[in-house]
Amino acid sequence: MILKLIWRNLWRNSRRTLITMASIAFAVLFAVLMKSFQNGVFNNLIKNVVGYYSGYIQIHQKGYWDEQVLDNSFELKNALTLQLQQNTQIKKIAPRLETFILASKGNSTKGCLLVGTDAIEENNLTQLKKKIIKGNYFENTEENILLAEGLANRLDANINDTIVLFGQGFQGVLAAGKYKIKGIVHLASPAMNDSFVYLPLRATQYLLSAENRLTSISFGIDNPENTDVIVQNLKTKIGNKYEVMPWQEMMPKIANHIKADGFSFYIFSGILYIIIGFGLFGTVLMMTTERKYEFGMLIAIGMKKSELELILFGETILITLFGVLLGFVLSLPIVIYLKEKPIRFGGEIAKVYEQFGFEALFPTAVDKNIFINQSLIVLAMAVLIGLYPLWHVNSLNPVEAMKK
């Protein structure tokens, strides 16, 4: 009987029921969209930053990050290579030998960062080949360089020109060599664009007298959310000789920026939930007030208050479930669409983003946890607000309620 009364009461006033369902559905829709946009934008930001050079994780010799010199490089051993290749979560591996060096052409000399890298693996990790604006990409067997655009302008250098690299190699050995510029790359980060020189790894190891040595190995992984797990696994397997660092540790400013924006999301979410809560409460208050006479009559003819409270609570739960389900159905295709075709800004806004190496792109993230968590939050709010009719019935005087 109670189940029948719950169902009939819902559709006895279909307009009221549909209004309540719609308010809950739009609450779920807005909450899911807000969280999906936040996660999507942050994931894209992280992808831009770590995919541009550092990778999600790096391995160094113990102490290298605090003192980034060639003497803190390490020898690449077969055992380490095998352990990394066996980790199925690691999809891209880019070995590098990096050091600061002087680049000279004619009367112009400029300090720069020499990056010795595997041409194929570097392109897989950072898409370096796509950043070439003049000339061609190099190969592992060559002794040609790629010069960053800003550094090329400072040296007044162009493709097919020859520049001299001069500095200190491994264990204080003199390092000097002449190399032809095969390509000029545009790097969105101003600091990188003014100082980077890329040279094939073997040629770099020969120049610096650092045979089979590396300063870092950068990784691309299948799922950024598994970063901490992969770091812990690597630390356990490869021992204390190496330091394994996630991108958050290498770039704390960006990690802190994301955390700060995460806190702002909770503030905006709180405001959204307050608006949603007042909307739901207004609907429930209206529903309760206009049924005051009905409640009084039911109690007067013998229905227990506990039974009436159970009916009202059942109505609240059922209508909330319908609203949450409707919100889920409405939000899912929108989130998927905005993931496949994200909002992209152009003009001056895009230029500002590109100056810092970011795409002016605002995608959503499709994550089941977002839908589940936001739906549960709205459901909990609706259930909490649904306790008001129970309190109203418990304190109701049937004689007073039936007075017109």
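The values are calculated or read from the model by the stated rules, or taken from the named source; none is laboratory data. Everything numeric in this text was worked out from a predicted model, so none of it was measured. Ideal geometry is used to build each Cβ from the backbone, glycine not excepted, and the neighbour counts take in all protein chains shown. Quick note on the areas: whole protein, heavy atoms, side chains included, nothing else; ligands and nucleic acids left out. Shrake-Rupley method; radii C 1.70, N 1.55, O 1.52, S 1.80 Å.
So here's what we get for this one:
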{"read-out": "Share of carbon and sulfur in the accessible heavy-atom surface of the chain [1.4 Å probe, %]", "value": "59"}
{"read-out": "Positive-end extreme of charge dipole, region 191-235 - chosen from Ser218, Leu207, Val231 (charges on Cβ)", "value": "Leu207"}
{"read-out": "Viscosity 1.567 mPa s, 4 °C: Kirkwood-radius Stokes-Einstein D of region 2-116 over Cα pairs, µm²/s", "value": "62"}
{"read-out": "Order of exposure, largest accessible area first, which applies to Arg8, Arg213 with probe 1.4 Å", "value": "Arg8, Arg213"}
{"read-out": "Largest-first principal axis extents of the Cα set of region 48-197 (Å)", "value": "47, 36, 28"}
{"read-out": "Of the trypsin sites (Lys or Arg not before Pro) in region 10-64, those whose Cβ has at most 15 other Cβ within 10 Å and which sit in DSSP loop", "value": "Lys62"}
{"read-out": "Which of Val173, Val115, Val41 is most accessible, then next, and so on - probe 1.4 Å", "value": "Val173, Val41, Val115"}
{"read-out": "Reference-scaled alpha-carbon Rg (2.2 N^0.38 Å with N residues) for region 56-127", "value": "1.35"}
{"read-out": "Surface accessible to a 1.4 Å probe, per residue, for the residues of the chain, Å²", "value": "52"}
{"read-out": "About the Cα centre, charge dipole magnitude for the chain (Lys/Arg +1, Asp/Glu -1 at Cβ), debye", "value": "1320"}
{"read-out": "Dipole of the chain [Lys/Arg +1, Asp/Glu -1 at C-beta], most positive-end residue of Ile132, Gln374, Ser108", "value": "Gln374"}
{"read-out": "Convex hull volume per residue in cubic angstrom - Cα atoms of the chain", "value": "176"}
{"read-out": "Exceeding the 23 Å Cα-Cα cut-off - candidates Lys130/Lys351; Lys134/Lys178; Lys130/Lys235; Lys110/Lys253; Lys134/Lys339", "value": "Lys130/Lys235; Lys110/Lys253; Lys134/Lys339"}
{"read-out": "Reduced Cα scattering model of region 108-248, Debye log10 I(q)/I(0), q = 0.11 Å⁻¹", "value": "-0.47"}
{"read-out": "Sparse-neighbour loop sites [trypsin sites (Lys or Arg not before Pro); region 256-351; at most 15 other C-beta within 10 Å; DSSP]", "value": "Lys304"}
{"read-out": "Heavy-atom SASA rank of Asp228, Asp367 (probe 1.4 Å, accessible area, largest first)", "value": "Asp228, Asp367"}
{"read-out": "His186 accessible area, assembled protein chains, probe 1.4 Å, Å²", "value": "80"}
{"read-out": "Probe 1.4 Å - accessible area at Met303, Å² to nearest ten", "value": "30"}
{"read-out": "Accessible surface of Asp261 - all protein chains present, 1.4 Å probe, nearest 10 Å²", "value": "50"}
{"read-out": "Student exercise, region 104-231 dipole from Lys, Arg, Asp, Glu Cβ charges, in Debye to nearest 20", "value": "560"}
{"read-out": "Mean separation of Cα contacts under 8 Å, 6 or more apart, over the residue count of the chain: relative contact order %", "value": "27"}
